[in-house]
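Each value in this text was obtained by applying a stated rule to the coordinates, not by laboratory testing. Since the structure is predicted, the reported quantities are computational estimates derived from the model, not experimental observations. As a convention, Cβ positions derive from the backbone with ideal geometry for all residues, glycine included, and neighbour counts pool all protein chains shown.
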Amino acid sequence: MPGITVPDIVRMKADGRRIVMVTAYDYAFARLADEAGVDVVLVGDSLGMVVQGHSTTLPVTVDQMVYHTTIVRRGVEKALVVGDMPFLSYQANRDDAVWNAGRFLKEAGAAAVKLEGGVAISDTIASMVKADIPVMGHVGLRPQAVHAMGGYKVQGRGLDAQRVLDDALAVEAAGAFSIVLEGVPAELAARITGALKIPTIGIGAGSDCDGQVLVMHDMLGLFDRPSPKFSKRYADLGAATIEAFRRYGDEVRSGKFPGDEHTIA
């Protein structure tokens with residue numbers, strides 16, 4: 001079992017300890033994130049964009065998410081592993097939703113699942129919790145609703161703030177242990193954080209949330225498209241990797257590699 005549990009994450013809010021969450025999609029980066037001491041590793045359906053090269057997260061399947069969650073789990077010893085439920089894996093009916101969510105725990109070894117939505121899926125969340133499946137909610141900007149929202153647009157401005165707050169309250173009432181707030185004004189995120197007993201984890205939601213999450217490829221400079229305004233690049237591994245491949249290519253073409261030290265006698 002990992003060192004950090006669902007109740008530990010819940011207690012972090014009461015203790016005033018900020019929650020650190022990052023995405024990971026394979027064993028190698030999951031191991032590095034865990035070694036760095038992050039609290040939560042999210043196997044995000046964002047892999048549809050940053051790993052598979054799609055323009056949205058919508059094409060990702062449950063089988064793909066379970067597979068990636070399985071290999072991430074192998075790389076994690078301490079952090080809480082959360083599997084992201086992809087589009088249409090929980091919206092159609094509650095029985096399918098509970099079954100699909102259970103696969104993340106039973107087959108992949110995740111400790112919890114994350115799903116997008118508020119009032120409309122609160123009954124589904126409650127059914128999962130009743131089945132002893134811990135749920136992390138996600139309200140505000142919901143990437144799986146990109147077409148309904150008309151793009152990746154900030155949610156909760158003006159009169160729309162009450163809708164996002166109602167969604168967050170519904171997620172908590174349904175039994176979720178935490179909730180992601182994405183793409184909402186900082187003032188609204190602070191209001192929601194103060195209104196909820198469960199932790200809020202922000203992404204593009206200001207500094208008053210109980211924790212933060214970033215997509216690994218954005219923070220490490222690995223994605224080939226512009227990062228969102230709210231993301232911060234902590235390294236440029238993309239440029240470093242290109243340079244490493246170029247040096248390797250030059251050495252192969254010139255005959256410098258492999259040298260004697262890399263040759264089996």
Query - Peptide ranges 244-252, 102-110, 181-189, 87-95 listed from the most packed, as the mean C-beta count within 10 angstrom indicates - result: 181-189, 102-110, 87-95, 244-252
**Report entry** For S178, residues with placed amide H under 5 Å, excluding near neighbours
**Finding:** G137
Query raised in the report: From the phi of every residue in the stretch 76-87, what ³J(HN,Hα) in whole Hz does the Karplus formula 6.51 cos²θ - 1.76 cosθ + 1.60 yield, where θ is phi - 60° and glycine or proline is x?
Result: 10, 10, 10, 6, 7, 9, 10, x, 8, 7, x, 4
Query raised in the report: When the convex hull of the Cα atoms of the stretch 9-154 is projected onto a plane and the area is averaged over all directions, what value comes out in nm²?
Result: 8.9
Query raised in the report: Which of the DSSP-defined H helices in the chain satisfy a minimum axial length of 24 Å, computed from C-alpha atoms, and a minimum mean Kyte-Doolittle hydropathy of -1.0?
Result: 237-254
Query raised in the report: So what is the 222 nm mean residue ellipticity for the chain from helices alone, if each DSSP H run of at least 4 adds -39500 (n - 2.57) and you divide by all residues, rounding to the nearest 500 deg cm²/dmol?
Result: -12000 deg cm²/dmol
Report summary line: Residue-ordered couplings for the stretch 40-56, obtained by feeding phi - 60° into the Karplus form 6.51 cos²θ - 1.76 cosθ + 1.60 and rounding to whole Hz (Gly and Pro as x), are 9, 10, 9, 8, x, 6, 4, 4, x, 9, 7, 9, 8, x, 6, 8, 9
Query raised in the report: trypsin sites (Lys or Arg not before Pro) within the stretch 140-205: which are DSSP loop residues with at most 14 other Cβ atoms inside 10 Å?
Result: K153, R157, K197
Query raised in the report: Among T241, T61, T124, which one shows the biggest mean-square fluctuation in a GNM of the chain, springs joining Cα atoms closer than 10 Å?
Result: T241
Query raised in the report: Based on the Cβ-Cβ distance of S231 and D260, what FRET efficiency does E = 1/(1 + (r/R0)^6) give at R0 = 41 Å, to the nearest 0.05?
Result: 0.35
Report task. Report ³J(HN,Hα) in whole Hz for each residue of the stretch 227-235, in order, from the Karplus equation J = 6.51 cos²θ - 1.76 cosθ + 1.60 where θ = phi - 60°; Gly and Pro get x. Result -> 7, x, 4, 7, 8, 10, 8, 9, 7
Query raised in the report: What is the magnitude of the charge dipole of the chain about its Cα centre, with +1 placed on the Cβ of each Lys and Arg, -1 on the Cβ of each Asp and Glu, and no other charges, expressed in debye to the nearest 20?
Result: 320
Report task. Using a Förster distance of 30 angstrom, determine the FRET efficiency expected from the C-beta separation of S55 and D95, and round it to 0.05. Result -> 0.45
Query raised in the report: So in the chain, what percent of DSSP beta bridges are antiparallel if you round to the nearest 5?
Result: 5
Query - Distance between the stretch 28-53 and the stretch 229-252 - C-alpha centres, whole angstrom - result: 18
**Report entry** Selected from H217, H147, H68 as most flexible by GNM, with the chain as the system and alpha-carbon contacts under 10 Å
**Finding:** H147
Query raised in the report: In terms of modelled amide H atoms, which long-range or inter-chain residues lie less than 5 Å from the amide H of G183?
Result: L141, I203, G204, A205
Report task. Pick out which of D39, D236, D218 has the largest mean-square fluctuation in a Gaussian network model of the chain, springs linking Cα atoms closer than 10 Å. Result -> D236
Report task. Let me know the Kirkwood hydrodynamic radius for the chain, please, with Cα pairs as the basis and the value in Å to one decimal. Result -> 19.2
Report task. Search the structure for amide H atoms under 5 Å from the amide H of L80, placed 1.01 Å from N in the peptide plane, and list their residues when 5 or more places away or on another chain. Result -> I4, V40, V41
